[in-house]
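> Input: one structure, supplied below.
The values are calculated or read from the model by the stated rules, or taken from the named source; none is laboratory data. For clarity, every value in this text was computed on a predicted model and none was experimentally measured. Every residue, glycine as well, gets a Cβ built from its backbone with ideal geometry; the counts of neighbours run over all protein chains shown. For accessibility, only protein heavy atoms count, side chains too; no ligands or nucleic acids. Shrake-Rupley method; radii C 1.70, N 1.55, O 1.52, S 1.80 Å.
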Amino acid sequence: MTAIEMENLTKRYGDIVAIENIDLVVKEAEVFGFLGPNGAGKSTTIDQILGFARPTEGSVSVLSHDATMDPMAVRERIGVLPEGYELYPRLTGGEHLRFAIESKNGVDDIDALFERVGLDRSDRDRRVGEYSKGMKQRLALAMALAGDPDLLVLDEPTSGLDPTGVHRLQRIVREERSAGTTVFFSSHVLGHVEAVCDRVGIMRDGRIVAVDTIEGLRTAANVTDRIRLTLDRVPDLEFASIDGVSDVTIEGSIVELACVVPEAKAASVLRTAEAGTRILDIQTREPSLTDLFEAYTSGKSAPTATSVTEAHADAPPSQHAEPVMEGEHR
């Protein structure tokens, strides 16, 4: 089943094209990471999902409802943690959460939701104006979870959270996916996206340039693995002649090699040892999501969005609402 489907989605503001010809499918019970540099069109795309803006062309379907024609039917089934949300400082945390539950006709236990996001029960009676930034973020997450939504839209959800809060958020996201909830996860902290997402979509200049698993993005972008050898001395060896080695950097007794195929790492170790030098340390690193993001958004190696989207839209997940209190989504 499909949770979100965009077809030829385009939004223009006068002569400015915010997003153009977006085709995207997000499956049910999938954690989908949504990335892009500032100005790429992420916020405009999220606005389309939430029915906050009418597309110039194309369509967006959310949970089998047209997000433009029937936005209220969509919002009844989703929970939203928007970037730039607003809370009422004079109301207590409990009053905020009670409002969110009642607006979804939910039956959630307020204390249980507070505990789930890492707030103390005593915090429910404190005014939100006394909350720290991290506490406000946890409360906003609790409000998004109210009513057991079928789709969670989380925009910069780790903002203001300490490492413990980030870990808890990641656990909640995994729990929601296991329960059948779809999570649309937008963040600039790429390590957090990499930790929880089944697939990732990358935007550049208003277009989707890639949609795939992390491993699929690595393959398509041809971003290399790297191996770092610490030696007692650098041998007289042409490292660049080793099959699969694309780049060599030597600093003192440290040799770092970029390897376009995994076999090149083992061959590099073997050839170095055969050259009569002693290897003191070996470190390897696969391309991180940050490396991949830079590769795709630089425009140098990104494949076409269509080929990647069609190839992996049906890939199974890996094993890895309303705006808050009427706050404006930005």
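> Over the residues of the stretch 172-235, compute the C-alpha Rg and express it relative to 2.2 N^0.38 Å.
Expressed relative to 2.2 N^0.38 Å, the Cα Rg reads 1.60.
> Would you check the accessible area of THR44, probe 1.4 Å, heavy atoms only, in square angstrom rounded to 10?
The value for THR44 is about 20 Å².
> Just the accessible area per residue of the stretch 81-216, please: how many Å² with a 1.4 Å probe?
Result: 41 Å² of accessible area for each residue.
> In Å², and per residue, what accessible area does the stretch 12-69 have when probed at 1.4 Å with the other protein chains present?
That works out to 41 Å² per residue.
> When the chain is fully extended, how far beyond the present Cα-Cα distance does ASP109 get from GLU28, taking 0.36 nm per residue of separation?
Fully extending the segment from ASP109 to GLU28 adds 26.6 nm.
> May I pose another question? State, in angstrom, two size descriptors of the chain derived from its alpha carbons: Rg to one decimal place and Dmax to the nearest whole number.
23.2, 73
> Next question. Evaluate the charge dipole of the stretch 129-246 about its Cα centre and quote only its size in Debye, nearest 20, assuming +1 on the Cβ of each Lys and Arg and -1 on the Cβ of each Asp and Glu.
That gives a dipole near 320 debye.
> At a Cα cut-off below 15 Å, give the aspartates and glutamates reachable from LYS42, other chains included and same-chain residues fewer than 8 away excluded.
GLU20, ASP23, GLU83, ASP155, GLU156, ASP205
> Which trypsin sites (Lys or Arg not before Pro) in the stretch 87-192 pass both tests, a DSSP loop state and at most 16 other beta-carbon atoms within 10 Å?
Sites meeting the loop and neighbour criteria: ARG90, ARG126.
> Tell me what the chain gives for mean residue ellipticity at 222 nm when only DSSP H runs of n ≥ 4 count, each as -39,500 (n - 2.57), the sum divided by the residue total, rounded to 500 deg cm²/dmol.
Helices in the chain give a 222 nm mean residue ellipticity of -9500 deg cm²/dmol.
> Can you give me the % of accessible surface on the stretch 198-266 that is carbon or sulfur? Probe 1.4 Å, all protein chains present, nothing else counted.
That fraction is 45 percent.
> What does the convex hull of the alpha-carbon atoms of the stretch 1-66 project to on average, in nm²?
Dividing the Cα hull surface by four gives the mean projection, 4.4 nm².
> By a straight-distance test (C-alpha under 29 Å), which lysines pair with LYS265 as possible cross-link partners, with residues fewer than eight away in the same chain excluded?
The reachable lysines, counting only those whose Cα sits under 29 Å from LYS265, are LYS300.
> I'd like the FRET efficiency for GLU102 and LEU280, computed as 1/(1 + (r/R0)^6) with the beta carbon distance as r and R0 of 56 Å, rounded to 0.05.
0.30
> For the stretch 189-283, with equal point scatterers placed on the C-alpha atoms only and solvent neglected, what are the log10 I(q)/I(0) values from the Debye formula at q = 0.14, 0.21 1/Å, to two decimals?
So the normalised log intensities are -0.63, -0.95.
> Another question about this same structure. In whole Å, what are the extents of the stretch 113-252 along the principal axes defined by its C-alpha atoms, from largest to smallest?
71, 36, 30
> Expected output is a single nm value to one decimal: the length gained when fully extending between ALA73 and THR230, i.e. 0.36 nm times separation in residues minus the C-alpha distance. What is it?
Gain in length upon complete extension: 50.5 nm.
> Taking the simple approach of a point 7 Å from Cα along Cα-to-Cβ for both THR2 and ALA258, what is their distance in nm?
For the pair THR2/ALA258, the computed spacing is 3.8 nm.
> Another question, then. For the stretch 43-145, what number results from the quotient of the Cα radius of gyration and 2.2 N^0.38 Å?
After normalising by residue count via 2.2 N^0.38 Å, the value is 1.21.
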